[in-house]
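Asker: Have a look at this one.
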Amino acid sequence: MQKTALIRIDDKELSLPVMVGTEGEKAVDARKLRADTGYIFYDQGYGNTGSCESAITYLDGDNGILRHRGYPIEQLAAHSEYVETAYLVIYGELPTAEQRHAFGQLLRQHAPVETQMLKLVEAFPQDAPPMVMLGALVGSLAAFYPELATNNFEKDLKQFDLAAAIAISKIRTLGALIYRHKQGLPFTHPKDISFCDNFLHLMFSEPYQDYVAIPEVAQALNLILLMHADHEQNCSTSTTRMVGSSGANLFTSLSAAIGALSGPLHGGANVAVMQMLQSIHDEHDDGSRFIEAAKGGSKSNRLMGFGHAVYRNFDPRAKVIGQACQVVLNKLGKSDPLLDIAQHLEQAALKDDYFVSRKLYPNVDFYSGIILRALGIPTNMFTVMFAIGRSPGWIANWREVASNAKGRIYRPRQIYVGPVQRDYVPMAKRG
Ligand code: CMC
């Protein structure tokens with residue numbers, strides 16, 4: 001029997017259907033609520049609102065579970081690599097050897113950016129924030145590929161494959177070019193090598209000497225990108241869906257997602273974490289001033305890299321990355337005092353009642369910077385690294401929206417709290 005939820009309001013009774021997802025997630029289908037009762041649900045920040053049905057990622061925040069297309073993140077981290085996981089996230093299945101080869105080829109083919117785009121990169125002030133540059137450059141892909149700047153790939157799915165590969169590959173290349181522009185280094189050009197090796201080459205090769213990554217470095221980069229590949233309806237992914245729901249093309253939607261990711265409460269947190277750890281290191285203190293300040297309740301003093309909108313338990317990504325930190329440092333023969341500081345800070349926070357009672361644990365951003373730093377990636381590029389990793393998730397979500405023939409434009413309601421109707425006051429009578 002179909003389960004329903006009963007709402008009684010203003011002497012009206014409404015029976016709302018209950019929906020259940022494949023993992024047992026339950027929702028009350030409120031689509032008819034306003035039309036039938038005149039009421040809406042108020043849910044600031046949408047924390048209790050399911051905005052869509054999605055078959056991409058399952059997240060159970062209470063139990064620290066994250067699965068892409070059914071596969072646990074821990075298994076993907078142990079056995080997969082970034083490009084394969086990207087394919088899985090976008091297309092729904094692990095690729096066969098043939099599909100993996102074709103996807104890799106497409107990514108390699110579309111790694112270079114047009115000469116005009118190089119000029120665009122150069123046109124930015126050298127001190128421009130990397131995420132501002134990335135958002136603008138990715139948006140401009142719609143101008144470079146007008147034939148792919150559509151939301152309708154249903155007639156020719158190969159065109160979608162092309163748009164997706166262009167987006168993933170060029171976001172990676174553009175990330176490296178942004179770094180080089182900011183450093184005042186000459187641009188490098190992609191080679192016919194693997195995705196992560198190519199990124200490291202684009203970042204670090206010199207005109208007189210190619211950078212050849214040792215396998216451990218490429219593997220560590222692979223892990224970081226893979227761990228960011230998708231994360232359900234987070235702020236930037238919901239942004240992608242919202243923009244896509246208007247019929248906007250993939251590149252424009254990705255540009256908007258990059259803007260959403262840049263904020264310090266979202267992807268920008270990985271930069272803030274590193275700044276916090278560095279400051280603790282430079283001031284030779286124990287980090288308690290950050291913990292105490294965070295307990296004040298102000299949004300601007302939060303303990304960065306801690307807490308999550310959905311996890312009320314360990315972020316499984318933080319577990320994997322936290323464990324990988326020491327392994328990566330050992331493999332690279334490096335040590336980092338910031339790792340000790342991070343571990344100490346984590347222990348201190350997890351003993352503090354403020355964090356314990358609110359179930360605030362380290363999130364993905366808490367340890368990722370230690371690995372990125374060990375790879376030689378400067379702090380101001382950390383959120384760009386997040387964007388490179390997250391591009392498959394954004395693309396997969398955009399595709400779900402674009403291919404849903406019955407999908408509606410995203411258009412939340414509000415509770416208006418401004419002035420009630422009043423008459424226009426001429427200038428002479430104001431003040
Ligand atoms: N430091 C101190 N207090 C915190 C923190 C924190 N990092 N996070 C949450 N709180 C408090 C919050 O103020 C609230 O307190 P109270 O109940 O007294 O009002 C309580 O904990 C519950 O907050 P919440 O509802 O769990 O948090 P939220 O959903 O509003 O925000 C968040 C989630 C991720 C924005 C927040 O935890 C935060 O600002 N963390 C620091 C920034 C960060 O690391 N962001 C990266 C998130 S993971 C990667 C990503 O998505 O990009």
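Asker: Would you calculate a helix-derived [θ] at 222 nm for the chain, using -39,500 (n - 2.57) for each DSSP H run of n ≥ 4 and dividing by the full residue count, to the nearest 500?
Answerer: It lands at -16000 deg cm²/dmol.
Asker: Could you tell me the extents of the stretch 1-129's C-alpha atoms along the three principal axes, largest first, rounded to whole Å?
Answerer: Between the extreme Cα coordinates on each principal axis of the stretch 1-129 lie 66, 41, 25 Å.
Asker: Taking only the Cα atoms of the stretch 347-431, how large is their convex hull per residue, in Å³? Provide the component values of the computation, followed by the final result.
Answerer: Working: hull volume 28.3 nm³, N = 85.
Cα-based convex hull of the stretch 347-431, divided per residue, equals 333 Å³.
Asker: Run the quick spin-label model on K406 and F187: label points 7 Å from Cα toward the beta carbon, then report their separation in nm to one decimal.
Answerer: 4.7
Asker: Next question, about the same structure. Share of the stretch 4-50's accessible area from carbon and sulfur, percent, 1.4 Å?
Answerer: C and S fraction of accessible area: 49 percent.
Asker: Let me ask something else about it. Given a 1.4 angstrom probe, I'd like the percentage of the accessible area of the stretch 268-401 that is carbon and sulfur, rounded to a whole number.
Answerer: Here carbon and sulfur together make up 49 percent of the probe-accessible area.
Asker: Could you work out the equivalent-ellipsoid semi-axes for the stretch 277-355, taking the square root of 5 times each eigenvalue of the Cα gyration tensor, largest first, in whole Å?
Answerer: Equivalent ellipsoid of the stretch 277-355: 23, 18, 10 Å, largest first.
Asker: Calculate the translational D of the stretch 213-341 in whole µm² s⁻¹ from Stokes-Einstein, where the hydrodynamic radius comes from the Kirkwood formula applied to all Cα pairs, the temperature is 25 °C and the viscosity 0.890 mPa s.
Answerer: 144
Asker: Now a separate question. Kindly rank 194-200, 353-359, 111-117, 167-173 from highest to lowest mean number of other beta carbons found within 10 Å of each residue.
Answerer: The most tightly packed comes first, giving 167-173, 194-200, 111-117, 353-359.
Asker: Of the peptides 234-246, 70-82, 283-295, 22-34, how do they stack up when ordered by the mean number of other Cβ atoms within 10 Å, highest first?
Answerer: Values: 234-246: 22.5, 70-82: 17.5, 283-295: 14.6, 22-34: 12.8.
Result, highest mean Cβ count within 10 Å first: 234-246, 70-82, 283-295, 22-34.
Asker: Given the pairs K119/K182; K26/K359; K155/K406; K26/K406, which span a C-alpha to C-alpha distance of over 19 angstrom in this model?
Answerer: Those over the limit are K26/K359; K26/K406.
Asker: Can I ask one more? Based on Cα coordinates alone, diagonalise the gyration tensor for the stretch 4-50, multiply each eigenvalue by 5, take square roots, and list the semi-axes in whole Å, largest first.
Answerer: Numbers: eigenvalues 83, 41, 11 Å².
Result for the stretch 4-50: semi-axes of 20, 14, 8 Å.
Asker: Just the number: Rg to Rh for the stretch 90-170, Cα atoms, Kirkwood Rh, two decimals.
Answerer: Computed over Cα atoms, the ratio is 1.03.
Asker: Could I ask something else about it? In bins 20 Å wide, starting from 0, what share of all Cα pairs of the chain does each bin hold, as a percent?
Answerer: Spelled out per bin, shortest first, that is 24, 54, 20, 2.
Asker: What lysines could a cross-link reach from K158, if we take a straight Cα to Cα line under 20 Å and drop same-chain neighbours fewer than 8 places away?
Answerer: K170
Asker: With each label point set 7 Å from Cα along the Cα-Cβ vector, what nm distance links N63 and T22?
Answerer: The two pseudo-label positions are separated by 1.6 nm.
Asker: Which length gain, in nm to one decimal place, applies between R430 and Q159 when the Cα-Cα distance is subtracted from 0.36 nm times their residue separation?
Answerer: Once the chain is fully extended between R430 and Q159, it gains 91.8 nm.
The values are calculated or read from the model by the stated rules, or taken from the named source; none is laboratory data. These figures come from a predicted structure and were not determined experimentally. Glycine also receives a Cβ, built like all others from the backbone with ideal geometry; neighbour counts cover every protein chain displayed. Note: areas computed on protein heavy atoms with side chains; ligands, DNA, RNA excluded. Shrake-Rupley method; radii C 1.70, N 1.55, O 1.52, S 1.80 Å.
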